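Engineer: Below is a structure I'd like to ask you about.
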Amino acid sequence: QFPGPLSGDEMEPPEAEFFDAFFPGDRSLQPRSESGSTRQQLYLMNSPFVNSRLRMESSPTLQHAAALKRDEDIADFLFLTFLSRPPNQVELAAAVESLKKSARGKREAIEDLAWACVNKLEFIVNP
């Protein structure tokens, strides 16, 4: 049997805020929504808790992506990691162009692509 949901008193503030935004109420009584809420979208875009985990120095996942040689492989890896699917042709072309033409450098371009994946609606409601 699975343990019951944690209450906010049992978690540190950043984690409690994350769970409150994404998993409000009792999971056994509240059906899963197929659309993200404004609160969830704003949280993903602006939360230090989320954004700190999308920085190269604190993310083994992004460090692994940076070690890949081809931009196509980086895009595939990030899409599979964050969205559980490969990018379609349009997404792949946009991602590769972004990785190649970033004025801020490859590391920042990888962070930006990871941020873009996390902020897609399908990340929020990935079944």
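The values are calculated or read from the model by the stated rules, or taken from the named source; none is laboratory data. These numbers come from a predicted model, not from an experiment. Cβ atoms come from the backbone with ideal geometry, glycine included; neighbour counts cover every protein chain shown. Areas reflect the complete protein model, heavy atoms only, side chains present, ligands, DNA and RNA absent. Shrake-Rupley method; radii C 1.70, N 1.55, O 1.52, S 1.80 Å.
Engineer: Considering only residues of region 86-112 that are closer than 20 Å to Ser59 by Cα and charged (D, E, K, R), which is farthest from the chain's Cα centre (by Cα)?
Structural biologist: Per the stated criteria, the residue is Arg104.
Engineer: Enumerate the pairs (first residue in region 40-65 and under 16 Å from Ala109 (Cα atoms) and at pLDDT 85 or above; second residue anywhere and surrounded by 14 or more Cβ atoms within 10 Å (Cβ to Cβ) and aromatic (Phe, Trp, Tyr)) with beta-carbon separation below 8 Å, excluding pairs fewer than 6 apart on the same chain, so at least 6 apart or on different chains.
Structural biologist: So the pair list comes out as Leu54/Trp115; His64/Phe77; Ala65/Phe77.
Engineer: Determine the pairs where a residue that is farther than 22 Å from Gly105 by Cα and in contact (Cβ under 8 Å) with a residue 40 or more places away in the chain, located within region 66-87, has a partner that is open to solvent by 50 Å² or more (accessible area, probe 1.4 Å) and in a loop (DSSP other than H, G, I, E, B) with Cβ atoms under 8 Å apart, the partner being 6 or more residues away or on another chain.
Structural biologist: Leu83/Lys120; Leu83/Asn126; Ser84/Asn126
Engineer: Now for a different question. Look through region 42-73, keep the residues that are open to solvent by less than 70 Å² (accessible area, probe 1.4 Å) and polar (S, T, N, Q), and return whichever of them is farthest from the chain's Cα centre (by Cα).
Structural biologist: Looking at residues that are open to solvent by less than 70 Å² (accessible area, probe 1.4 Å) and polar (S, T, N, Q), I get Ser58.
Engineer: Within the set of pairs 6 or more residues apart or between chains, which connect a residue that is surrounded by 15 or more Cβ atoms within 10 Å (Cβ to Cβ) inside region 93-116 to a residue that is at pLDDT 90 or above and part of a loop (DSSP other than H, G, I, E, B) with Cβ atoms less than 7 Å apart?
Structural biologist: What qualifies is Ala95/Pro87; Glu111/Arg55.
Engineer: Still on this structure, please answer the following. Need at least 3 residues that are of a type in the set (A, V, I, L, M) per element, so show me which helices (runs of 4 or more DSSP H) inside region 39-122 make the cut, counting only ones lying wholly within it.
Structural biologist: Output list reads 60-67, 71-83, 89-101, 106-118.
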